[in-house]
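Student: Quick one: structure below, then a few questions.
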Amino acid sequence: MRKQIGFVLVLALVVAFGLPQIVGAADYKQEYKLSTVLGKPFPWGNAGERWTELIKEKSGGRINVKMYPGTSLVGGDQTKEFTAIRQGAIDLAIGSTINWSPQVQQLNIFSMPFLMPDHKALDALTGGEVGKDLFKILESKDVVPLAWGENGFRELSNSKRPIRTPADLKGLKIRVVGSPLYLETFSALGANPTQMSWADAVPALSSGAVDGQENPLTVFMAAKLYAASNQKFLTLWGYVADPLIFVVNKDVWKSWSAEDQKVVREAALQAAKENIVESRKGIVAPDDSLIKEIEGLGVNVARLTPEEKGVFGKATKAVYDKWAKQIGSDLIKKAEESIKNSK
Ligand code: X2X
């Protein structure tokens, strides 16, 4: 009789709360590690904090996430982040397509020089067929992708001179990160590119070991590259843009109840939406207040015309064609088509 009452009780609990919750709750970790490259006050770090906060709030504290900025879970080596997520050393991440492209070749699509002319084009990729294809690829690699955020269009800065043509770039030592695509792009432009992590880039810029770098304006500003790193020259050429992707390790995902999965997904979508708004603030006409603020700090800003960008595009065309094959001609064609239709 007692046994039966016990059984009925368990059954009632299962009906009321669902099996995964009862069984799964015990499996939940005390802390889930969220990896990002940049912390606060960069939009990227703000996004990590917001996601963390929303998960806590919406899960009633069942899921406790802690952000580890500086890609500290992989010793600052941001190009190893994706592998660490797959292996379970990282539970959640908001990662740049640039940093994951060494492991996920197709993510190089956003690093194709001058593929995306504007935010509409970028949105056409992340919000369209290309974005869906990329999420499918990620799903096949032990991660659950949830939302697209944004680091942003990457602009070129240096400590030496204004850059308006490839000739101006000649011989400048430019820090890049990610796949060899960046090395090939800058080599094609006559520069002298060198690969290093963000952690190494900041001191290398400050000491003058490298002359320049490329990053979104929000990063340029929050890292104060105009001051300590003497980056007095900025070229707005928008040659590539890196979206951010909110992901969870697959095993971690499976250990959560359906309700908690929904919570984490919705929190990601909301944090990502806010992140995109923040990343674009002040850099797109009619509100270009961030650009004006940078100019006000004594930085020489060159806004390239479409014709001037075209010259850079032409100089990097061979690199583009080579990488189109490497990434996959079908995916590239799909991307070009989506962008054309976004106009
Ligand atoms: O290292 C960079 O340049 C950064 C912070 O933008 C990325 O993580 C791609």
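No value in this document is a laboratory result; all are computed from the given coordinates. Since the structure is predicted, the reported quantities are computational estimates derived from the model, not experimental observations. Here Cβ is always computed from backbone atoms with ideal geometry, including for glycine, and neighbour counts include all displayed protein chains.
Student: Top mean-square fluctuation among GLY131, GLY313, GLY328, Gaussian network model of the chain, C-alpha springs under 10 Å?
Tutor: GLY328
Student: OK, next. Residue by residue through segment 338-343, what is 3J(HN,Hα) from phi via Karplus (6.51 cos²θ - 1.76 cosθ + 1.60, θ = phi - 60°)? Round to whole Hz and write x for glycine and proline.
Tutor: Couplings: 4, 5, 4, 6, 7, 6 Hz.
Student: Something else now. Just the Cα atoms of the chain, one point each, no solvent: what log10 I(q)/I(0) does Debye give at q = 0.09, 0.11, 0.15, 0.16 Å⁻¹?
Tutor: -0.50, -0.72, -1.27, -1.42
Student: Near the amide H of TYR32, under 5 Å away, which other amide H atoms are found, from residues 5 or more places off or on another chain, if H is placed in the peptide plane?
Tutor: ASN64, VAL65, LYS66
Student: Which residues does the label zone of LYS322 cover in segment 165-193, counting backbone N under 19 Å from a point 7 Å along Cα→Cβ?
Tutor: 166-167, 170-172, 174-193
Student: Related question: Once fully extended, how much extra length lies between GLU337 and ASN192, figured as 0.36 nm per residue of separation less the alpha-carbon to alpha-carbon distance?
Tutor: 48.9 nm
Student: Let me have the relative contact order for the chain, percent, based on Cα pairs under 8 Å that are six or more residues apart.
Tutor: After rounding, I find 25 percent.
Student: Separate question: How big is the charge dipole of the chain about its Cα centre, in debye rounded to the nearest 20, if each Lys and Arg gets +1 on its Cβ and each Asp and Glu gets -1 on its Cβ?
Tutor: 260 debye
Student: How large is the helix-only mean residue ellipticity at 222 nm for the chain, computed as the sum of -39500 (n - 2.57) over DSSP H runs with n ≥ 4, divided by its residue count, in deg cm²/dmol to the nearest 500? Display every interim value, and only then the final one.
Tutor: Numbers: 17 runs with 169 residues, N = 343.
Theoretical 222 nm ellipticity from helices: -14500 deg cm²/dmol.
Student: Could I ask something else about it? Limiting things to C-alpha atoms, what are the Rg and the maximum Cα-Cα separation (Dmax) for segment 133-185, in angstroms?
Tutor: So, for segment 133-185, Rg and Dmax equal 16.8, 45 Å respectively.
Student: Could you give the length gained by full extension between THR83 and GLU57, i.e. 0.36 nm per residue of separation minus their alpha carbon distance, to one decimal place? Before the final figure, lay out the partial values.
Tutor: Details: separation 26, 0.36 × 26 = 9.36 nm, distance 2.93 nm.
Answer, rounded to one decimal: 6.4 nm.
Student: Also: Tell me the relative contact order for segment 31-141 as a rounded percent, counting alpha carbon contacts under 8 Å between residues six or more apart.
Tutor: 24 percent
Student: Here is a follow-up. What does the highest-first list of 40-50, 155-165, 241-251 look like by mean Cβ count within 10 Å?
Tutor: 241-251, 40-50, 155-165
Student: What residues qualify as long-range amide H neighbours of LYS173, i.e. H under 5 Å apart, gap of 5 or more or another chain, H built at 1.01 Å from N?
Tutor: ASN192, ASP211, GLY212
Student: What does the extension gain come out to for LYS132 and GLU308, with contour length at 0.36 nm per residue minus their alpha carbon separation?
Tutor: Difference between extended and current length: 60.1 nm.
Student: Give me a comma-separated list of calculated 3J(HN,Hα) values for segment 188-198, in order, Karplus coefficients 6.51, -1.76, 1.60 applied at θ = phi - 60°, integers in Hz, x for any Gly or Pro.
Tutor: Coupling constants for segment 188-198: 4, 8, x, 7, 10, x, 9, 7, 7, 6, 4 Hz.
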